[in-house]
Amino acid sequence: MPLTSTLRPWSRWFAHVGTSRACWRILHEAVARSGAREILEPSGAPLTVPLSPLPRGLSARTWLEQLGPEHWFPRLHGAVRSGVARSTLETLLSPPEQRALEARARRALDGVILAHGGLELDFGSPRKWRLAPMDPSRREWPLAHGARVLQQSSELGDIKDVWALGRSLHIFDWVRARALERDVSSCWSQALADDLATFEAQNPWRAGPHWSSGQECAIRALVWCFGVAALGQDDGFTQTDFARFVRLIEYHARFIDENLDFARFAVPNNHLIIEAIALAAIGVLFPWLRDAARYRERGVTTLNQEALSQFSPDGGYVQASHNYHRLALEYLLWAARLIPKSLLSPHRLHGIFYRSARSLSAQMHDRARGHLPNWGANDGARMHRLSEAEHRDYRPLLASLYQELGA
């Protein structure tokens, strides 16, 4: 192959991403491939800076109380415990849909989860967090350093399959199933506690597939917060479980903070949005953490100055994909609900929601089913699992956007 043909794709890439991003990525890859990251950031080793002590008297109940009654999480907890959420779900869902939700939630108790694009994957019971579910031999991803674990993809398959479990989106089903119950069971809170315990036991710090992506850590941390807000005061979730939850959240915040520059320079798209949101939200939700103020400042600054620039004035999104446009908007809905408006750019966020809603609605060619053209990359990625709508139905997203806009 002529040298010019070999260099042409690289020259295009260099021109597309710009000099600073290209040089940063080349240096990053060189360090990762040299093994230097394993030396500088050893996996499985104790943190060089101790974890923050849990404040005396802090529990799942007092944590929510400190957030204030108007915060989304205390309101979520109140809706689940009071029966308001059950009434809403019974209004929105037909009896067959309610039964389907409960059946899916119970399958997740046994390790069978709904993954990207409606695919069901079996991770076994008890849960095997590193299992490669599509591998015929049911092998597990190794506890290699997160910087190297992707090299196993040729043998174990697409890493997004194991990441589907790591995102813990099945917790949304557990919360909704708990909300539908009239005779309250502790199985959902116990399942959440078991998830936290088995994750910690099977995934040492910085080792394995679940410590290889800042985006995955960001999604998991926020979903865990949602789950503990809703279920953390039920029987089956103890003070020991709450302390483990806070410990894991701090580990996740440190990982996101360590790796945020990768999203800023290498993947400044939906990855950057959710990582900035998670870092800022953890700083807000857990103000006693040693670095909470820095997490909050860095996350908010990155979100306002860089991440929100991904949306164009005509309502489009930088990734040129309806599915990823939806994913980015689902992320921003979490920002609007978790981060105080005084820290965000509320008018800018409002404009993104308004223009995106108008753009996506105008492109909806099948309004009876909420379908848009399958335009751009689509691997089935989602953040919200709070409806029974099928994957291609964009109406739940539009409803959430219009609700946020007050329309």
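A simple rule links phi to the HN-Hα coupling: the Karplus curve 6.51 cos²θ - 1.76 cosθ + 1.60 with θ = phi - 60°, which for the range 107-113 gives 5, 5, 4, 8, x, 9, 10 Hz, with x for Gly and Pro. Measuring nothing but alpha carbons in the range 183-250 and taking Rh as the Kirkwood radius, the Rg to Rh ratio lands at 0.99. Residues whose amide H lies under 5 Å from that of GLU120, counting only those 5 or more places away or on a different chain, are ALA115; hydrogens are built 1.01 Å from N in the peptide plane. Just in the range 292-371: which trypsin sites (Lys or Arg not before Pro) are loop by DSSP and have at most 13 other Cβ atoms within 10 Å? Here the sparse-neighbourhood loop sites are LYS341, ARG367, ARG369. In plain terms, if you count all Cα to Cα distances in the range 217-304 and split them into 10 Å steps from zero, the share in each step is 18, 49, 25, 7, 0 percent.
With each label point set 7 Å from Cα along the Cα-Cβ vector, what nm distance links ARG21 and GLN403? If labels sit at ARG21 and GLN403, their model points lie 3.4 nm apart. Residues whose amide H falls under 5 Å from that of GLU140, counting only those 5 or more places apart or on a different chain, are ALA132, with hydrogens built in the peptide plane. What the phi angles of the range 224-235 give under the Karplus curve with 6.51, -1.76 and 1.60, with θ = phi - 60°, is a coupling list of 4, 4, 4, x, 5, 4, 7, 10, x, 9, 7, 4 Hz, glycine and proline written as x. Give the residue from LEU76, ILE256, VAL318 lying farthest towards the positive end of the charge dipole for the chain; charges sit on Cβ (+1 for Lys and Arg, -1 for Asp and Glu) and the dipole is referred to the Cα centre. Among LEU76, ILE256, VAL318, the one farthest towards the positive end of the dipole of the chain is VAL318.
Comparing LEU114, GLY124, ALA85 along the charge dipole axis of the range 68-155, the residue lying farthest to the positive side is GLY124, per the Cβ-charge model. Note on the chain: with a GNM built from Cα contacts shorter than 10 Å, the maximum mean-square fluctuation among ASN259, ASN304, ASN374 falls on ASN374.
Comparing mean-square fluctuations of SER387, SER82, SER43 from a GNM of the chain with C-alpha springs under 10 Å, the top value falls on SER82.
Taking the Cβ of ALA60 as the center, what net charge do the other residues with Cβ under 11 Å away carry, scoring Lys and Arg +1 and Asp and Glu -1?
On the way: positive: ARG61; negative: GLU65, ASP234, ASP241.
Its environment carries a net charge of -2.
The spread of Cα positions in the range 264-316, taken along each principal axis and listed from longest to shortest, comes to 41, 21, 13 Å. Per the Cα gyration tensor, the range 114-188 maps to an equivalent ellipsoid with semi-axes of 29, 12, 11 Å, ordered largest to smallest.
Evaluating 6.51 cos²θ - 1.76 cosθ + 1.60 at θ = phi - 60° for every residue in the range 126-138, the Karplus couplings come out as x, 5, 10, 5, 9, 5, 8, x, 9, 6, x, 8, 6 Hz, glycine and proline recorded as x. The H on the amide N of SER212, modeled in the peptide plane, is under 5 Å from the matching H of no residue at least 5 residues off or on a different chain. Extents of the chain, largest first, come to 71, 52, 48 Å (Cα atoms, principal axes, whole angstrom). Could you state the number of Å between the C-alpha centres of the range 256-283 and the range 310-346? Cα centroid of the range 310-346 versus Cα centroid of the range 256-283: 14 Å apart.
Over all distinct alpha-carbon pairs, what is the Kirkwood Rh of the range 278-390 in angstrom?
Values: mean 1/r = 0.0652 Å⁻¹.
Evaluated over the range 278-390, this radius sits at 15.3 Å.
Modelled spin labels at GLU38 and ASN378, positioned 7 Å past Cα toward Cβ, are 4.1 nm from each other. Look at the dipole of the chain built from charges on Cβ: of ILE219, ILE277, PRO133, the Cα furthest out on the positive end belongs to ILE277.
Any read-out appearing in this document is the output of simple, stated calculations on the displayed coordinates, not a laboratory observation. The shown structure was predicted, so the numbers you read here are calculated from the model rather than taken from an experiment. Quick reminder, even Gly has a Cβ in these numbers, built from the backbone with ideal geometry, and neighbours come from all protein chains shown.
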